[in-house]
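Notes follow the structure.
The values are calculated or read from the model by the stated rules, or taken from the named source; none is laboratory data. Since we're looking at a predicted model, the values are computed, not measured. Counting neighbours? That spans all protein chains shown, and the Cβs are built from the backbone with ideal geometry, glycine included. SASA here: full protein model, heavy atoms, side chains in, ligands and nucleic acids out. Shrake-Rupley method; radii C 1.70, N 1.55, O 1.52, S 1.80 Å.
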Amino acid sequence: MTVLVAGCGGVTDGAPAAAPSTTPSVATPASTAAWDPCTIPDEAIEAAELAVETKKANLVGERPISPDWSTCFWLNPLPDTWYTLGIFSSTFSLDYLREAGPFEQFTPVDGFDGLRFQRKIKYDEVSCGIAFGRDGGVIYFMLDGFVSAEPLEDPCVEVERVARSLRPFLPSSK
């Protein structure tokens, strides 16, 4: 929704005109906005063994995949890149992801508050995900292997390793 504000008036006799502001105005996001996974510190991304220099807010192009999701993507370290890892955040609930999302086989991970899952539609590449319910929404990690690269690890083991490493940098869980 766009709100236009118009005003009229001028300088009152004897009163100085206000100078234009040189301070940039930044809108504060509503508390209901999805958390931005690109805010995870580079040091944490590097410690999780992802290539910091490959960070992208969108998988393809400049447009987000959906206005309902905030995303960030990285590759595993170069030169042996075999996957991309995306972190997705939304105000949708974990139940929404389980019921209406393109995923299935949600299973608890021993000793961890995340749920492992798979895509309903099977692709040729390897993939696996870990989801977390959080106050005000859901966050999930999705590892997608490249068809042209041989996996260097089980994708579920790898996505869990990365999720465990980055868990302290995520908003609180439910």
For segment 50-159, report the accessible area per residue in Å² (1.4 Å probe, heavy atoms, rounded to an integer). 52 Å²
Given H placed 1.01 Å from N in the peptide plane, which residues other than close sequence neighbours of Cys128 have an amide H under 5 Å from its amide H? Leu143
Hey, what did segment 38-174 get for relative contact order, percent, Cα under 8 Å, at least 6 apart? 22 percent
Please work out the ratio of the alpha-carbon Rg of segment 100-168 to 2.2 N^0.38 Å and round it to two decimals. 1.11
At a 1.4 Å probe, what is the % contribution of carbon and sulfur to the accessible area of segment 65-174? 52 percent
Per-residue counts of other Cβ atoms within 10 Å, averaged by peptide: what ranking do you get for 82-92, 66-76, 106-116, highest first? 82-92, 66-76, 106-116
For Glu158, what accessible area in Å² do you get when you roll a 1.4 Å probe over the heavy atoms of the protein chains, rounding to the nearest 10? 20 Å²
Please give, to one decimal in nm, the separation of the simple spin-label points placed at Thr39 and Arg119, each 7 Å out from Cα toward the Cβ. 2.9 nm
